[in-house]
Ligand code: OOB
C-alpha cells in the first residue's frame, strides 16, 4: 500500500488484500462513519459535557463547518495539526472536522509541555496547533506563544478565551465540497509511550483503526444503548478506541466527558447519566473502588469497568465485582495496535488474573527468546505481533523501525509475557527501557537526556522503583560531575526544561559509578534491585 503521508510504511499489498477480504477493513472513513450515524438518528445525543448535550446531527454539521473553516484558512488534506485538548466536547468536533478535511491530527496529551509540543509541531511540520486557553491551572496560550516563536507560520486555534490567537469557535464556514480522504489513508498520528530519546509518532489509517474499535464493540457489548464515560485523557488510545469514545460513537451510543477523573467528578456523572461503561488505569480504579465503598451516589448503572494501560493487581481486580457490582474487563493494549481483552463471560479467575486475548483471529502473536526463537508453550518471552490494526512502522523513523520491527513486519512490543493453557496472555514484565507510571509511559532515555543537560551531571540512568499506588515510579541514578547538586535542584531543573510533569523523576540518587553488565553496559537491573531493596523497609513489606 502506498501511504498518503511521506515517511509512512503501511501493510504489504498481500496483507491489505487479506484484511479487506476478511471484512476487517470495510472501506469507509471516520467522516463517513459519523455521517451514517447522523443520518440515521440526528437527534440522539452523541456527546455530553457539563450542561452541553451535542446530538449526532450537531456534531456532524459542526465537523463540516469546521473543516470548511480550516480550509479557508489554508489548512488542507495531509496537513498535520497538533491537537492538545482536555476532555471537552470540542475535542470530537476537531477530530471529525480534521478527519473530513483529510488533515492529520497529532494527538498530544494535556500534560505535555513546551518540550513535547514544540517537538511534535516541528517534527511533523505541523500547519496548526489546536489547544485550550488554560487547563489544570496551566496557561496553554503562553505555551502556544512560545511554540509559535520557534515555528513561524504555525497557526494557533484556541478553545475558550483565545487572547492573541484565533478562537476555534470562529473557525466556521458553510460546508464546502472537500477532496475527502480515502479509507486507506493515515487518519492521524498517535503517540508512542516510547523508550527512545524522543516520542515516536504512530500512523493509524481510517480502515485499520475503525476495524479495531468496531470489533472491540462486539467484545465489550457496546450498542446504541451504551453510555460511556471518559475519565482518562480523551486523546489516549485506550479511551479513544478500546472501544472508547470512537467505538461508542460508531455504535450510536453516548459519550459522557469527565473533565477530571476524581470520584467527586465521576460519580455524580455516573449517577445522572446512567453510565454503563468506563475505563481506568489501575491507580484510578483503586481510587474509585475505595471511594465507591463510601459513596452515596448510585453507581448501579455501571455494567463494565475496564482496567488497562498498566498491570492491574489481582487484589484490586478481585474487588471490582463485589464493590461496584460491575464486570471487570482487563485491557492490555498499545497505541501501535494490538489490543487484548478478557471477555465479559470469562470465568472470574481468568478475568482477575490475566490480560485477556487479542481482538482478531488475524492478530498474530509470538512469544520469543532473545534470538527471536519461539519459546516452549506456556513459557515467558518477548511478545511480537502483526495484524490488521498493528502498524508496520513509525512515522519518519527508518532507523528505529529497523529495530522495532522484525524483517517479517512483526512489531516488537517490548512486553514480556506468557500464555496460559487456555490461551490468555499474562504480562510478566518489560524488556523496553520504559517506566510505566500508573499507565503513563516514561521513556528512560528521554529523561536521561534532560538530566545530562545539567552541568553538574556526568551520567544519568533512569529506572523504575516499586510503588504501592502507581505500581512504578521513576528513580534517576546520577553520577555527579564534581560536587553533587541537591536532588531537589536537579528535579526543579528538569521540570523547568518544560516537559510533562509525569516525566520528572520522583527520586534522584547520587552514586559514584553505575554497576555494569558483563559487556560493560550500565546494568539497569542492578539499579532497579538496589532501589527496590532500599524501598522495602519503607513500604513495610
Ligand atoms: C496503552 O497504550 P500505550 O501505547 O500507552 O502503552 C502500551 C504499553 C504496552 O506495551 C504495555 O507495556 C503497557 O502499556 N500496558 C500494560 C497493560 N496495558 C498496557 N501492561 C500490563 N497490563 C496491561 N493491561 O496503554 C493502551 C492502549 C490501548 C488499550 C489499553 C491500553
To the nearest 0.05, the calculated FRET efficiency linking residue 297 and residue 431 through their beta-carbon distance, R0 being 41 Å, is 0.45
So, with points 7 Å from each Cα along the Cβ direction, the residue 13-residue 526 label distance in nm works out to 5.4 nm
Each label sits 7 Å from Cα toward the beta-carbon; between residue 43 and residue 458 the label points are separated, in nm, by 7.5 nm
Quick calc, residue 519 & residue 52: beta-carbon distance into FRET formula, R0 60 Å, rounding 0.05, result 0.55
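Report, in deg cm²/dmol and to the nearest 500, the calculated mean residue ellipticity at 222 nm for the chain, where each DSSP H run with n ≥ 4 adds -39500 (n - 2.57) and the sum is divided by the residue count.
Rounded to the nearest 500, the figure is -10000 deg cm²/dmol.
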For segment 38-115, the Kirkwood Rh over every pair of distinct alpha carbons, in Å, works out to 13.3 Å
From the Cα centre of segment 70-117 to that of segment 468-512, the distance in Å is 32 Å
Taking 0.36 nm per residue of separation between residue 265 and residue 510 and subtracting their Cα-Cα distance, the length gained on full extension comes to 84.1 nm
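Mind checking the full-extension length gain between residue 345 and residue 164? Use 0.36 nm per residue of separation minus the Cα-Cα distance, one decimal, nm. Mind showing how you got there, number by number?
Numbers: separation 181, 0.36 × 181 = 65.16 nm, distance 5.38 nm.
Contour length minus the Cα-Cα distance gives 59.8 nm.
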Rounded to 0.05, the calculated FRET efficiency for the beta carbons of residue 314 and residue 72 at R₀ = 41 Å is 0.15
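Would you kindly state how much longer the chain becomes between residue 422 and residue 115 on full extension, computed as 0.36 nm times their sequence separation minus their alpha carbon distance, in nm to one decimal? Don't skip to the end; give the middle numbers.
On the way: separation 307, 0.36 × 307 = 110.52 nm, distance 4.50 nm.
That pair, residue 422 and residue 115, stretches by 106.0 nm at full extension.
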Gyration tensor on Cα atoms of the chain, a ≥ b ≥ c root eigenvalues, a/c under 1.5 rounded, else prolate if a/b beats b/c, else oblate, says rounded
Under the rule rounded for a/c under 1.5, else prolate if a/b exceeds b/c, else oblate, using alpha carbon gyration tensor axes a ≥ b ≥ c, segment 1-77 is classed as oblate
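Any read-out appearing in this document is the output of simple, stated calculations on the displayed coordinates, not a laboratory observation. This is a predicted model, so every value here is computed, not measured. Cβ sites come from the backbone with ideal geometry, for glycine too, and all protein chains shown count toward neighbours.
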